[in-house]
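This report refers to the structure that appears directly beneath it.
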4 protein chains.
Amino acid sequence: MISVGIVGGTGYTGVELLRLLLRHSQVQVSILTSRTEAGKRVADMFPSLRGHTDLKFSDLDLDQLKQCDVVFFATPHGVAMQHAEDLVAAGTKVIDLAADFRLQDLAQFEKWYGMQHHCPTVLKESVYGLTELNREKIKQANVIGNPGCYPTTVQLGLAPLLKNRLINTQSIIVDAKSGVSGAGRKASLGMIYSENADNFKAYSVAGHRHHPEIVEALENISGQKGQFDQLIFVPHLVPMIRGMLSTIYVDLTELGQQTDLQALYESFYQNERFVDVMPANSSPETRSVRGANELRIAIHQPQPNKLIVLVAQDNLVKGAAGQAVQNMNLMFGFDEATGLEGIGLLP
Amino acid sequence: MISVGIVGGTGYTGVELLRLLLRHSQVQVSILTSRTEAGKRVADMFPSLRGHTDLKFSDLDLDQLKQCDVVFFATPHGVAMQHAEDLVAAGTKVIDLAADFRLQDLAQFEKWYGMQHHCPTVLKESVYGLTELNREKIKQANVIGNPGCYPTTVQLGLAPLLKNRLINTQSIIVDAKSGVSGAGRKASLGMIYSENADNFKAYSVAGHRHHPEIVEALENISGQKGQFDQLIFVPHLVPMIRGMLSTIYVDLTELGQQTDLQALYESFYQNERFVDVMPANSSPETRSVRGANELRIAIHQPQPNKLIVLVAQDNLVKGAAGQAVQNMNLMFGFDEATGLEGIGLLP
Amino acid sequence: MISVGIVGGTGYTGVELLRLLLRHSQVQVSILTSRTEAGKRVADMFPSLRGHTDLKFSDLDLDQLKQCDVVFFATPHGVAMQHAEDLVAAGTKVIDLAADFRLQDLAQFEKWYGMQHHCPTVLKESVYGLTELNREKIKQANVIGNPGCYPTTVQLGLAPLLKNRLINTQSIIVDAKSGVSGAGRKASLGMIYSENADNFKAYSVAGHRHHPEIVEALENISGQKGQFDQLIFVPHLVPMIRGMLSTIYVDLTELGQQTDLQALYESFYQNERFVDVMPANSSPETRSVRGANELRIAIHQPQPNKLIVLVAQDNLVKGAAGQAVQNMNLMFGFDEATGLEGIGLLP
Amino acid sequence: MISVGIVGGTGYTGVELLRLLLRHSQVQVSILTSRTEAGKRVADMFPSLRGHTDLKFSDLDLDQLKQCDVVFFATPHGVAMQHAEDLVAAGTKVIDLAADFRLQDLAQFEKWYGMQHHCPTVLKESVYGLTELNREKIKQANVIGNPGCYPTTVQLGLAPLLKNRLINTQSIIVDAKSGVSGAGRKASLGMIYSENADNFKAYSVAGHRHHPEIVEALENISGQKGQFDQLIFVPHLVPMIRGMLSTIYVDLTELGQQTDLQALYESFYQNERFVDVMPANSSPETRSVRGANELRIAIHQPQPNKLIVLVAQDNLVKGAAGQAVQNMNLMFGFDEATGLEGIGLLP
């Protein structure tokens, strides 16, 4: 039994962490902080938690957080990096669900997030928490940069190809679609119901913060630095709460064309409990992973030299809180699936 | 051809007024004001208007507004009452889509809207714009208080009964349901997509601003002051953009039980182009009036002394902007249906 | 560890049962039958189950079912009653999620379901599975008629009042709203997406099958036979997948008016893990119970003699599959909450 | 004033045609046929039409149809081709909203639609009704094959590039997204509400009937036969009723890279009332065209040699019934915008 703190529990990733951790057999959620709601019972804000916890929001108190074995940051970008060094020094592990520890390239971080990085030393030692790809490092890590939702789909969708150098790295197109919860729980005109329901659009076509994260991650997976400059990434907004589907278009190399790709994917992920390679010509639906820490992949080869990779996940689970818990499980030696066995809600 | 001004064009009733008035054969929209968006093209804010108008938002300039034949206020409560007197003095008619001229009872206005009334004299001369019930007065009016959306359904749903004293006035229950656009276009947490989609709830059970408006209106229709104190009105929020359905439960008097109520309703509304009495045992759907200035009624008599009245409308059209245009048509001697002939979008 | 069979696993209650039972620590789902899909893997039909089970649909084989400790019928009305007698004789318990064992009144059953009852003797011995109200009988039962979704909300919403004779039984109005999944998984025009999205309507106003079930149940709860003839029940269809809210209007007796009703409700349900009495003037949202076996109640007293009871649940969980599992837990001596501890998805 | 017949008025394109034609100043809808609903008032099936028409469905009677000036076929594929020859011989023009007159390649038609073509001679003389690109031919046509919804977006999205040979024709990727109404009004499991709401998926990845139509059309626009074999087209299903967005990825030729593409698009469509080229870096939303016969385009150039073309329309209007009316207007010498001036519903 470990003691867990959550900093920033009023957003969707915060309440999703609570949904998972309050049912996790090996943890006790001890602290839940909020700048604005200190003193309020979390169940009064999120009525789904009524009867499941008496936790109250508290102000962020670093000394208290240091008593925890691990602290999750479900905060805006820039918060975790202010406290990570102190926490690690006190022996407390850190899992940041924001972007502070995702990008190793400081210039990219400053460009896309509009702030200087506060603790580049900790950043260097931090581990990027794409569980399936960095498992061994995660087990040893003190600080985890939990991946963005879009980057998770792209990395797991392309890893089998990149590890085996089967595609042209400079012609990747990611046409991605997300439910609205991905934008967080914020009062803004663009997010209100009547602006999003019964509507579909692309957004951030000129540049999305997950773009540099995807590029850096694909470089690391493939070991091919500087070979993903031409990546095209267009996110779209779907009138649904949860769910994300990335449709990825790649050009196969000669070797790629000679490879049995379905077999490759199945083999690559055969021991992964949370990555499901569907039969050839399937179409993963986001509702098949609603609420579950699962990611489904299907591939289509419309022409000998073209591959379409479809990747579905719940943006709040495998794309955020679920993967964070999966990482925590590794860091503390629990079974990787502890607390993550739930089956998705379909319908 | 008359000249029209719209004060407050950045909300949903504002853009809905524009949708209707830009296609109205007898009007020219000359002025569109916004406190926050002056100088901006309205089509840049509402892309559905691209190609349909070059109008720009301007600051509110009373002298300019006085050049208009009529000014619509699609503003928060409390704005129209600051300008109505000056406009009327200049010969400009006023149609307020907010609540400033809905309640004759000043105490009720102050209680529910939290402000003193600024021009009680104008209020006294203003006309409540429930078109079908106040047609003759509306034709002569200088200032119209355009009804709230919920009150429109209740009044038209109960008028045939009240005019003929067929129900117990003290046991009326209105269980009303509205799409989310009824709450307006505001950045607030409670209105964001992920808080409303795939969800249903009651709200303002302890008291909604439309309650006193309904009571006063029913008193006026029936001529029975003080006989509606026991009215119960519970609004609910439906995960849809537009649409409103009120399910109204009433107890029939002896006379009511002896009356052919279906025939009464059909006769009462036989000359009304925008009120549709459906066959007995029908169930009006909100989508049947999506975008149309129509209101459909169906009645059910589950027991000899009980009547259920179902009333459907588009809250933004017959419940707001459409009825405002209908009133304008009357005030200027146009055919009442001018600009309102559009058929609803189904699906 | 008990062995479980599910007859009719291709509907929404079937897949919901699987979602719950595949994670239940005390059961093994051994058999899953389908008339139309025998031989197919259930995970091929419901991709949310991929990786969670290898079960295949089989033809209904009574001898195999008799090997089970309990058989759930998630079938159309009329199937369970054909097999219940044989199963019970073989020592297999039966939980029917359809209507075969809900109504003790055979005439009502035949009137509303259009078929003769096949085993009135078993019916007489069967127990109505409203867990919180019939717990002791359920523990001893061999056959359970699992309640309808609407009746569950009405019974739990009114039980504290009825048990204490605090309301007029002849003026109850139930204005109920359900998500679309309540209509099941059937190919019919009326259920397709574009007919239901962004739409709201009442349905079955002239009479719904749950009406006689509600009446009979309220009679049993109150011990007042024949005192609920005037019940009004109007169901509505909400454009959401899961979720149900009943808004119940009642007239308080003198005694009711003198009672602290909030305290009564809290006391009545204080030991119930799945019934949550919210603070006075709350508004339960359906999303607060999405996917959870919970039911939330809030009461409002707008006038001394009037009470409004708001009741929310997930129609597929506490309104169907969840309550069925809750009953199974009682029947086999498991902790009542086994397999039902999941927290709802919010958002 | 011309006389119009509609064959097959019970689907979504049928009711959408009625919505437009009943308000069209130059036409009288005389006949509306249905195999299954003969004798029924169309307003009883589609309550949005109550008060707008007394039309009843009738059986298909060829002699009656021959009295019409034009007959629209809003039928399944294969119906129009059985009657087109007779109608044309009688001087009646034909506009088919199904696929019978879309593909000139008979082999492709038979492959994708599973039937032999019944009147290849008429097909040869028919005109493909993409209004903006074939205007002069449409004016002279007797038979129009009205384009599919997806093909309309791709053609108008790429025409400026193809006419000027600015892109590589063999690397076009169309990632398209449609609302559910595009699948028609049919009772099928895959289309029911709970299977589509809060869900997103690709479909027909292995091949969609609009694929050959797109290829043939792009060949015709560009004059480059056989140069579009490598086209990739992946349709997706969005949980919304109406609306379609195509995200098109193309590689620019040298010439393309040297061209001011924004200026090109604006110039290409400058006289088109129904095609709106948005400012650079815009993002067209489907709700901006809800119910309107409009199509909005925006282009993005993420790299010198890459262009992203975003195209939004209402699949039932510019993608079906609206374009059909636009074609009719041309064929009869009416102003092209007659009956199509309506502004979209936003919200």
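The values are calculated or read from the model by the stated rules, or taken from the named source; none is laboratory data. Given the structure is predicted, the values throughout are model-derived calculations rather than measurements. Note: ideal-geometry Cβ built from the backbone for every residue, glycine included; neighbour counts use all protein chains shown. Surface accessibility is based on the protein's heavy atoms, side chains included, excluding ligands, DNA and RNA. Shrake-Rupley method; radii C 1.70, N 1.55, O 1.52, S 1.80 Å.
Please figure out what share of the DSSP beta bridges in the protein assembly as shown is antiparallel and state it in percent, rounded to the nearest 5.
Counting only bridges with both partners in the protein assembly as shown, antiparallel ones make up about 45 percent.
Using a probe of 1.4 angstrom and keeping all protein chains present, the accessible surface of the protein assembly as shown works out to 32 square angstrom per residue. Counting Cβ atoms of other protein chains within 10 Å of each Cβ in A:205-215 and taking the mean gives 2. Of B:ILE248, B:ASN271, B:VAL180, whose Cα points farthest to the positive end of the dipole of the stretch B:177-301 (charges on the beta-carbon: +1 Lys, Arg; -1 Asp, Glu; origin at the Cα centre)? It is B:VAL180, whose Cα lies furthest towards the positive end.
Between A:ARG35 and B:LYS137, the modelled label-to-label distance comes to 5.2 nm, taking each label 7 Å out from Cα in the direction of the beta carbon.
Each residue of the stretch C:248-254 was assigned a 3J(HN,Hα) from its phi angle through the Karplus expression (A = 6.51, B = -1.76, C = 1.60, θ = phi - 60°), giving 10, 10, 9, 9, 7, 6, 3 Hz with x at Gly and Pro. Label separation (A:LYS56 vs A:ASN168): 6.2 nm, computed from points 7 Å beyond Cα along the C-beta direction. Legend: residue pairs A:LYS40/C:LYS163; B:LYS186/C:LYS177; C:LYS56/D:LYS177, Cα-Cα distance threshold 29 Å; pairs beyond threshold, A:LYS40/C:LYS163; C:LYS56/D:LYS177.
With label points set 7 Å from Cα along Cα→Cβ, the inter-copy distances at B:GLU125 are 7.1, 8.0, 8.4 nm, sorted shortest first.
DSSP bridge analysis restricted to the stretch B:2-125 gives an antiparallel fraction near 5%, rounded to the nearest 5. Remark on the protein assembly as shown: Rg and Dmax equal 31.7, 91 Å (Cα only).
I'd like the FRET efficiency for D:PHE332 and C:SER188, computed as 1/(1 + (r/R0)^6) with the beta carbon distance as r and R0 of 45 Å, rounded to 0.05.
That gives a FRET efficiency of 0.70.
Note on chain C: GNM, Cα springs under 10 Å; of C:LEU295, C:LEU162, C:LEU189, the largest mean-square fluctuation is that of C:LEU189.
Between A:LEU255, A:LEU158, A:LEU60, the Gaussian network model of chain A with springs among Cα atoms under 10 angstrom shows the greatest mean-square fluctuation at A:LEU255.
Coupling constants for the stretch C:195-209 follow from the phi torsions by the Karplus curve (6.51 cos²θ - 1.76 cosθ + 1.60, θ = phi - 60°), and in residue order they are 8, 10, 5, 6, 8, 8, 7, 7, 8, 6, 4, 6, x, 10, 4 Hz; glycine and proline get x.
Under 5 Å from the amide H of A:VAL27 lie the amide H atoms of A:ILE2, each residue being 5 or more positions distant or on a separate chain, with H modelled from the backbone and absent for Pro and chain starts.
At what distance in angstrom do the alpha carbon centres of the stretch C:173-226 and the stretch B:177-222 lie from each other? Between the Cα centres of the stretch C:173-226 and the stretch B:177-222 lies a distance of 24 Å. In terms of distances greater than 25 angstrom between alpha carbons, the cross-link table entries A:LYS111/D:LYS201; C:LYS93/C:LYS225; D:LYS225/D:LYS306; A:LYS306/D:LYS306 yield A:LYS111/D:LYS201; C:LYS93/C:LYS225. Residue of chain C with the smallest Cβ distance to the axis mapping C onto B, distance rounded to whole Å: C:ASP175, 2.
In this structure, the amide hydrogen of A:SER58, modeled 1.01 Å from its nitrogen in the peptide plane, lies closer than 5 angstrom to those of A:LEU32, A:THR33, A:SER34, A:GLY39, counting only residues at least 5 positions away or on a different chain. Applying 1/(1 + (r/R0)^6) with r as the Cβ-Cβ distance of C:ASP105 and B:LYS111 and R0 = 60 angstrom yields a FRET efficiency of 0.75. Ranked from shortest, the separations from the 7 Å Cα-to-Cβ label point of B:ASP63 to its equivalents in the other copies are 6.7, 7.5, 10.0 nm.
Given that compact globular proteins tend to follow 2.2 N^0.38 Å, what is the ratio of the alpha-carbon Rg of the stretch B:2-125 to that value? Don't jump to the answer; show the numbers that get you there.
Working: Rg = 14.7 Å, N = 124, 2.2 N^0.38 = 13.7 Å.
Ratio of Rg to 2.2 N^0.38 Å for the stretch B:2-125: 1.07.
Rounded to the nearest 5, the antiparallel percentage of DSSP beta bridges internal to chain C is 45%. A crude spin-label estimate for the pair C:GLN303 and B:GLN67, with each label 7 Å from Cα along the Cβ direction, gives 5.4 nm.
Test of understanding: in a Gaussian network model of chain C with alpha carbons linked when under 10 Å, which of C:ALA217, C:ALA74, C:ALA280 would top the mean-square fluctuation ranking? Of C:ALA217, C:ALA74, C:ALA280, the Gaussian network model singles out C:ALA280 as fluctuating most. Shape class of the stretch D:302-347 from the Cα gyration tensor (axes a ≥ b ≥ c, square roots of the eigenvalues): prolate, since a/c reaches 1.5 or more and a/b is larger than b/c.
For the interface of D with B, what's the total buried accessible surface in square angstrom, probe 1.4 angstrom, rounded to the nearest hundred? By this definition, chains D and B bury close to 2800 Å².
Oblate is the label for the stretch B:100-178, because the ratio a/c of its alpha-carbon gyration tensor axes (a ≥ b ≥ c) is 1.5 or higher and a/b is not greater than b/c. Count charges around C:VAL215 for me, please; just the other residues with Cβ under 11 Å from its Cβ, Lys/Arg as +1, Asp/Glu as -1. Charge balance in the 11 Å sphere: -4. Taking each DSSP H run with n ≥ 4 as -39500 (n - 2.57) and averaging over every residue of chain C yields -8000 deg cm²/dmol at 222 nm. Each copy carries a label point for A:ASN271 at 7 Å from Cα toward Cβ; from one copy, the others' points are 5.1, 6.9, 8.5 nm away, ordered from shortest.
Placing a label point 7 Å from the Cα of D:ALA206 along the Cα-to-Cβ line, the residues of the stretch D:93-112 whose backbone N sits under 16 Å from it are D:112. Peptide D:228-241 is shielded by partner chain Cβ atoms: per residue, an average of 6 of them sit within 10 Å of its Cβ. Extents of chain D, largest first, come to 60, 44, 38 Å (Cα atoms, principal axes, whole angstrom). With kT/(6 pi eta Rh) evaluated at 10 °C and eta = 1.306 mPa s, and Rh the Kirkwood radius from Cα pairs, the stretch A:150-315 diffuses with a coefficient of 97 µm²/s according to Stokes-Einstein.
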